[in-house]
1. Could you go through segment 127-141 and let me know if any residue there is of a type outside the set (A, V, I, L, M, F, W, C), within 29 Å of Val9 (Cβ to Cβ), in contact (Cβ under 8 Å) with a residue 24 or more places away in the chain and touching a Ser or Thr at 6+ places or on another chain (Cβ under 7 Å).
2. Among the candidates Thr111, Thr39, single out the residue that is polar (S, T, N, Q), surrounded by 21 or more Cβ atoms within 10 Å (Cβ to Cβ) and on the phi < 0 side of the Ramachandran plot.
3. Please tell me if Ile72 is at pLDDT 95 or above and either touching an Asp or Glu at 6+ places or on another chain (Cβ under 6 Å) or within 25 Å of Asp140 (Cα to Cα) (or both).
4. Within segment 65-78, is there a residue that is exposed (fewer than 13 other Cβ atoms within 10 Å of the Cβ), out of contact with any Phe, Trp or Tyr (no Cβ under 7 Å at 6 or more places or on another chain) and in a helix (DSSP H, G or I)?
5. In segment 125-147, is there at least one residue being among the aliphatic types (A, V, I, L, M), farther than 28 Å from Thr52 by Cα and modelled with pLDDT of 95 or more?
6. Just name the residue that is modelled with the lowest pLDDT out of those in segment 149-199 that are of a type in the set (Ser, Thr, Tyr) and more than 30 Å from Ser106 (Cβ to Cβ).
7. Ala97 is checked against (1) among the hydrophobic types (A, V, I, L, M, F, W, C); (2) more than 22 Å from Arg150 (Cβ to Cβ); (3) free of Cβ contacts under 8 Å to residues at least 40 places away in the same chain and fails just one. What number does that condition carry?
8. Can you spot a residue in segment 101-119 that is in contact with a Lys or Arg (Cβ under 7 Å, 6 or more places away or on another chain) and either touching a residue at least 60 places away in the same chain (Cβ under 8 Å) or more than 21 Å from Ile68 (Cα to Cα) (or both)?
Amino acid sequence: MRSRSIIAVQEWPHESRRAAELVVQEYGEPDEVSVTELTWHHVGPWKRVVATEWFENHAFPVPHVDCIECVIDYAVPVEKMTELAQFDGSIRVDRTAGELSVRCRSIASDTLKLNLVHDIVTGQRTWQAARDYHVTEVLDATRGEPTPYRDQLLVPPQVDTKDPGEQILSEAELRTIADSDESLFAPRALARQSAPRHP
């Protein structure tokens, strides 16, 4: 009998189907399966891994598609955001949730990029030096040379990474607004009753 994940991806484009199948080989059956996504929670060093039917074409450092997202808990300082954007366009920072993720073509590629993100954040490399090293490891992989940044996530685990932001209005001002416009606070009330977005 075919697994749910294999059935789900059989109609996906070849690029994203093959990438998803490789994640299944590495981590087994996903925790969540939909027509367009497979999701694994807490596998390997990851908080979450998501394989998607849709993909983006990405030219750096070689043409490929981005369809595998790896997520970790990680607090990125605001002053480092521009450097990360200069390094690579597939990096996603969610300060509120305290998450950092990369979308690329494979777990190994995501691992490489996240290790380099950590180097940029900690000042070990500039964004340009990170791009140069990224190219080096991609070439080394094709030559059978060691690729330490592709092989293992070297980012130390972080806790308490969420940043809910700063409340600007006083409680009195909030009550005044609530009395005049209930629609502003309905989502807030619903949020208290709902489960977190991700485990």
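1. Pass one, segment 127-141, residues of a type outside the set (A, V, I, L, M, F, W, C): 128, 131-134, 136-137, 140.
Next, only the ones that are within 29 Å of Val9 (Cβ to Cβ) stay: 134, 137.
Those left that are additionally in contact (Cβ under 8 Å) with a residue 24 or more places away in the chain: 134, 137.
Now drop any that are not touching a Ser or Thr at 6+ places or on another chain (Cβ under 7 Å), which leaves 137.
Yes, segment 127-141 contains at least one residue that is of a type outside the set (A, V, I, L, M, F, W, C), within 29 Å of Val9 (Cβ to Cβ), in contact (Cβ under 8 Å) with a residue 24 or more places away in the chain and touching a Ser or Thr at 6+ places or on another chain (Cβ under 7 Å).
2. Thr111
3. Values: at pLDDT 95 or above: yes; either touching an Asp or Glu at 6+ places or on another chain (Cβ under 6 Å) or within 25 Å of Asp140 (Cα to Cα) (or both): no.
So Ile72 does not fit the description; no.
4. Checking segment 65-78: at least one residue is exposed (fewer than 13 other Cβ atoms within 10 Å of the Cβ), out of contact with any Phe, Trp or Tyr (no Cβ under 7 Å at 6 or more places or on another chain) and in a helix (DSSP H, G or I).
5. Of segment 125-147, the ones among the aliphatic types (A, V, I, L, M) are 129-130, 135, 138-139, 141.
Still in the list and also farther than 28 Å from Thr52 by Cα: 129.
Next cut, modelled with pLDDT of 95 or more only: 129.
Looking through segment 125-147, at least one residue is among the aliphatic types (A, V, I, L, M), farther than 28 Å from Thr52 by Cα and modelled with pLDDT of 95 or more.
6. If we take residues in segment 149-199 being of a type in the set (Ser, Thr, Tyr) and more than 30 Å from Ser106 (Cβ to Cβ), then Ser194 is modelled with the lowest pLDDT.
7. That leaves (3) as the condition not met.
8. Yes, the conditions are met somewhere in segment 101-119.
The values are calculated or read from the model by the stated rules, or taken from the named source; none is laboratory data. All of these numbers come straight from a predicted model, not from anything done at the bench. Neighbour counts are summed over all protein chains in view; Cβ atoms, including those assigned to glycine, are modelled from backbone coordinates with ideal geometry.
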